[in-house]
């Protein structure tokens, strides 16, 4: 799943998981119960790393997985694509764009109807997200665009282990 907060990623991830009998991994649903705060310093990356490890392990066992991270950077998306395909999985990227007004309205509604389960998001957070989000293009969405790891990285597994500190490829565990 690719998109900003309020784009409808989790709603769509739930639909896909139900349609395909897939395991759905959504860190936002784990952050508050595990850490008691919305932005526990560095812990989200650790949680996502373990979820990614679990996703790849599930794929190796023949289970479909929906990774509902947001994946704001092309490097994150490229790493997850490479890792999934290296395990023999078919990778499908779902990008849900959202305009700023719709995003604000959805987040306000979420906060009004499910505050206990929602991470707080400020206007500054929304602007920061829009500033740092790298949109997916048609070539990336279709799988025609394949990128090499950033300069200085031997491969996507090494990059992923740095990005998500608790990530270890299942075959190496």
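The values are calculated or read from the model by the stated rules, or taken from the named source; none is laboratory data. Remember, it's a predicted structure, so these values are computed and weren't measured experimentally. Methodologically, a virtual Cβ is constructed for each residue, glycine included, from the backbone with ideal geometry; neighbour enumeration extends over all protein chains shown.
Which residues, counting only those in region 134-160, are in a helix (DSSP H, G or I) and either surrounded by 17 or more Cβ atoms within 10 Å (Cβ to Cβ) or in contact (Cβ under 8 Å) with a residue 24 or more places away in the chain (or both)?
Scanning region 134-160 gives 140, 141, 156, 157, 159, 160.
Return the only residue of 79, 55 being within 17 Å of residue 2 (Cβ to Cβ) and in contact with a strand residue (DSSP E or B) (Cβ under 8 Å, 6 or more places away or on another chain).
55
Picking from 36, 70, 8, 21, which residue would you name as being out of contact with any strand residue (DSSP E or B) (no Cβ under 6 Å at 6 or more places or on another chain) and free of Cβ contacts under 8 Å to residues at least 12 places away in the same chain?
Sole residue among the options that is out of contact with any strand residue (DSSP E or B) (no Cβ under 6 Å at 6 or more places or on another chain) and free of Cβ contacts under 8 Å to residues at least 12 places away in the same chain: 36.
Please give the number of the condition residue 57 fails out of (1) farther than 29 Å from residue 101 by Cβ; (2) within 14 Å of the chain's Cα centre (by Cα); (3) in contact (Cβ under 8 Å) with a residue 60 or more places away in the chain.
All conditions pass for residue 57, except number (2).
Residue pairs, Cβ under 7 Å, 6 or more apart or interchain, first in region 104-121 and on the phi < 0 side of the Ramachandran plot, second modelled with pLDDT under 80 and surrounded by 11 or more Cβ atoms within 10 Å (Cβ to Cβ). List them.
Short answer, once both residue conditions are applied: 110/118; 111/118; 119/38; 120/38.
Condition first: surrounded by fewer than 16 Cβ atoms within 10 Å (Cβ to Cβ), in a helix (DSSP H, G or I) and in contact with a helix residue (DSSP H, G or I) (Cβ under 7 Å, 6 or more places away or on another chain). Now tell me which residues in region 53-95 satisfy that.
Scanning region 53-95 gives a single hit, 60.
Could you tell me whether residue 14 is modelled with pLDDT of 95 or more and assigned to a strand (DSSP E or B)?
Against the criterion (modelled with pLDDT of 95 or more and assigned to a strand (DSSP E or B)), residue 14 does not qualify.
Any residue at all in region 110-133 that is surrounded by 11 or more Cβ atoms within 10 Å (Cβ to Cβ), part of a loop (DSSP other than H, G, I, E, B) and at pLDDT 90 or above?
Yes, region 110-133 has at least one match.
Restricting the search to region 23-48, which residues are at negative phi and in a loop (DSSP other than H, G, I, E, B)?
26, 27, 37, 38, 39, 40, 41 - these are the residues of region 23-48 that are at negative phi and in a loop (DSSP other than H, G, I, E, B).
All but one of (1) modelled with pLDDT of 95 or more; (2) within 15 Å of residue 74 (Cα to Cα); (3) outside any helix (DSSP H, G or I) hold for residue 98; which doesn't?
(2)
If you go through region 75-93 one residue at a time, do you hit one that is at pLDDT 95 or above, over 18 Å from residue 134 (Cα atoms) and within 12 Å of the chain's Cα centre (by Cα)?
No, that holds for no residue.
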